[in-house]
Amino acid sequence: MENEKIMKEKSADAAANALAEGKLVYDHEACCDHHDGNCGHDHCAENLAMTEITLVPLVHDDRNQFILDNQEAFNYGALEEFGRRDDHFEEDGEIISRETIENSIDGGEAYRIMRKGKSVGGVVIKVDGERGNLDLLFVSPHVHSKGIGYAAWCAVEKMHPEVAVWETVTPYFEKRNIHFYVNRCGFHIVEFFNSHHPDPNDPDASEQMDEQFPDGMFRFEKRMKGFHESEIDLPRSSGNSSIIGRTNR
């Protein structure tokens, strides 16, 4: 009753005092509602994104812009986070080539990440039975740090409840990606591809990986809850280790 009374008052001071006195259990949704999602708390941005984000299948007329947006996000991330973009070009001026993105789109399921009817990123996945592969995930640099990448990934999982194991790869130096996949999305590092241990499922990409990422790439897996261990000991799908599971949030 006391909790309900305080929340109806919608008084930040009253809520803060009640929290301090132990009269009010902290409610993230109530916090988001009270501040209209603008309190600055990470959980509020994340909760707001979860309710606003949808995935829409990529249409042909948007294909070129999808590619350009993907390249912009990759270039921005590499420049801002690592200052190493000149070491990892796939083609002149681009961290990831048009050909790489087009091959990913043609071989998988491509979606626009939409927020309030506006495109804010994209994702490409491949699903083969109970195994899924995250090929690409990018968010526009203009809307980083709003929980959009995480919300988009949650939407992917909900869209394919039949998948028992998800996997992706990212270069060893992409600390932001590693944090996102391991600490936010629940992936685990299971393999390290390098010149001494190339990807056995994608030998054709080994030479390209050695040139672009000579120090190697991590492979991640996420084993979904609700599947018995015997059900998810599945052979790996024929992924593409030249695709970066890129996440700019």
### Message
I need the full set of residues from segment 145-166 which are under 16 Å from G129 (Cβ atoms) and either touching a Phe, Trp or Tyr at 6+ places or on another chain (Cβ under 6 Å) or among the polar types (S, T, N, Q) (or both), in order please.
### Response
A164
### Message
Being in contact with a strand residue (DSSP E or B) (Cβ under 7 Å, 6 or more places away or on another chain), over 16 Å from N70 (Cα atoms) and of a type outside the set (D, E) is the requirement here; does P161 meet it?
### Response
no
### Task
Grab the helices (runs of 4 or more DSSP H) fully contained in segment 128-229, keeping just those with 1 or more residues being at pLDDT 95 or above and surrounded by fewer than 16 Cβ atoms within 10 Å (Cβ to Cβ).
148-159
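Yes/no matrix, rows are residues, columns are (1) at pLDDT below 60; (2) among the polar types (S, T, N, Q); (3) touching a helix residue (DSSP H, G or I) at 6+ places or on another chain (Cβ under 7 Å); (4) within 20 Å of N177 (Cβ to Cβ):
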| position | (1), (2), (3), (4) |
| --- | --- |
| G37 | yes, no, yes, no |
| G40 | yes, no, no, no |
| E46 | yes, no, yes, yes |
| I53 | no, no, yes, yes |
| V59 | no, no, no, no |
| F82 | yes, no, no, yes |
| I101 | no, no, yes, yes |
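Could you tell me which of the residues I105, I125 is at negative phi, assigned to a helix (DSSP H, G or I) and modelled with pLDDT of 95 or more?
So the residue among I105, I125 that is at negative phi, assigned to a helix (DSSP H, G or I) and modelled with pLDDT of 95 or more is I105.
The values are calculated or read from the model by the stated rules, or taken from the named source; none is laboratory data. Quantities reported herein were computed from a predicted structural model and do not represent experimental measurements. Positions of Cβ are backbone-derived with ideal geometry, glycine not excepted, and every protein chain shown enters the neighbour counts.
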